[in-house]
Amino acid sequence: MKDILPIEGQFALPALSYESLGDVIGKETLAFHHGKHLKAYVDNLNKMLPGSGLEGLALQEVVRRSQGGIFNNAGQVLNHTLYFEQFAPTPHAMSEKMTALIVSNFGSVEAFKKEFEQKGATLFGSGWVWLSADKDGKLVVTQQKNADNPVTDGLTPLLTFDVWEHAYYLDYQNRRADYLSALWQIVDWQVVESRL
Ligand code: MN
């Protein structure tokens, strides 16, 4: 994962590389989630950083070193950056190398997706489900609460599904499991693999 750096002390709202994700994530959700929720986290973080001693650091390092309000906003900027970046309306399929890695860790791609969806569906309250690599390259699926990110546990995040209600309520209402199973249609596996 590349370091996300501030420019003159300010983090920028990451641009989307697409205008639409079809029916999987509707345009209204995309507009609110990216243009309102994520923008608020970026703006809050930029207001809190001056005088914190964390100015100029990469976003990942701010997440590792902060607590409280700065951690919540920096974590949410990092989480959403990875989330929006990994989708595409016509995504790249999983490469043979990535498929082999998933099969060797989870038994099959289906077993991996089942565990990932199950951990997303059963996370109580707000948070994120993650696929990450540990220092030895072993892949793990974890649930993280609220703004948490696997970087705080020394893991390299590869893929994440946002299970905060704001991510799916306009399109799926209370059907979080349907939202999770639909997201596979737009995961760009070339982006995921590039984070290894
Ligand atoms: Mn979100």
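Mind listing just one residue for me: the one in segment 17-28 that is closer than 19 Å to TYR179 by Cβ and part of a loop (DSSP other than H, G, I, E, B) and, of those, most open to solvent (accessible area, probe 1.4 Å)? Steps first, answer last, please.
Here is the first cut: in segment 17-28, the ones closer than 19 Å to TYR179 by Cβ are 18, 20-28.
When the remaining residues are screened for being part of a loop (DSSP other than H, G, I, E, B), the result is 18, 20, 22-24, 26.
Working: TYR18: 18, SER20: 41, GLY22: 42, ASP23: 146, VAL24: 13, GLY26: 13 Å².
Applying the filter and picking the extreme gives ASP23.
Does segment 29-50 contain at least one residue that is more than 17 Å from TYR168 (Cβ to Cβ), open to solvent by 40 Å² or more (accessible area, probe 1.4 Å), in contact with a helix residue (DSSP H, G or I) (Cβ under 8 Å, 6 or more places away or on another chain) and basic (Lys, Arg)?
Checked against the condition, which is being more than 17 Å from TYR168 (Cβ to Cβ), open to solvent by 40 Å² or more (accessible area, probe 1.4 Å), in contact with a helix residue (DSSP H, G or I) (Cβ under 8 Å, 6 or more places away or on another chain) and basic (Lys, Arg), segment 29-50 yields no hits at all.
Would you pick out the residues in segment 141-155 that are within 18 Å of GLU193 (Cβ to Cβ) and in contact with a Leu (Cβ under 7 Å, 6 or more places away or on another chain)?
VAL141
Given the conditions (1) without any contact (Cβ under 8 Å) to a residue 24 or more places away in the chain; (2) under 15 Å from the mean Cα position of the chain (by Cα), which single one is not true for ALA74?
Condition not satisfied by ALA74: (1).
Condition first: within 15 Å of TYR83 (Cα to Cα), buried (at least 18 other Cβ atoms within 10 Å of the Cβ), under 17 Å from the mean Cα position of the chain (by Cα) and among the polar types (S, T, N, Q). Can you find one or more residues in segment 174-188 that meet it?
no
Pick from ALA93, ALA133, ALA88, ALA121: which is touching a residue at least 60 places away in the same chain (Cβ under 8 Å), surrounded by fewer than 18 Cβ atoms within 10 Å (Cβ to Cβ) and under 17 Å from the mean Cα position of the chain (by Cα)? Full working, then the answer.
Numbers: ALA93 fails: under 17 Å from the mean Cα position of the chain (by Cα); ALA133 fails: surrounded by fewer than 18 Cβ atoms within 10 Å (Cβ to Cβ); ALA121 fails: touching a residue at least 60 places away in the same chain (Cβ under 8 Å).
Answer to the check: ALA88.
The values are calculated or read from the model by the stated rules, or taken from the named source; none is laboratory data. If you're wondering where the values come from, they're calculated on a predicted model, not measured in any experiment. Cβ atoms come from the backbone with ideal geometry, glycine included; neighbour counts cover every protein chain shown. These area figures cover heavy atoms from the full protein model, side chains too; ligands, DNA and RNA do not enter into them. Shrake-Rupley method; radii C 1.70, N 1.55, O 1.52, S 1.80 Å.
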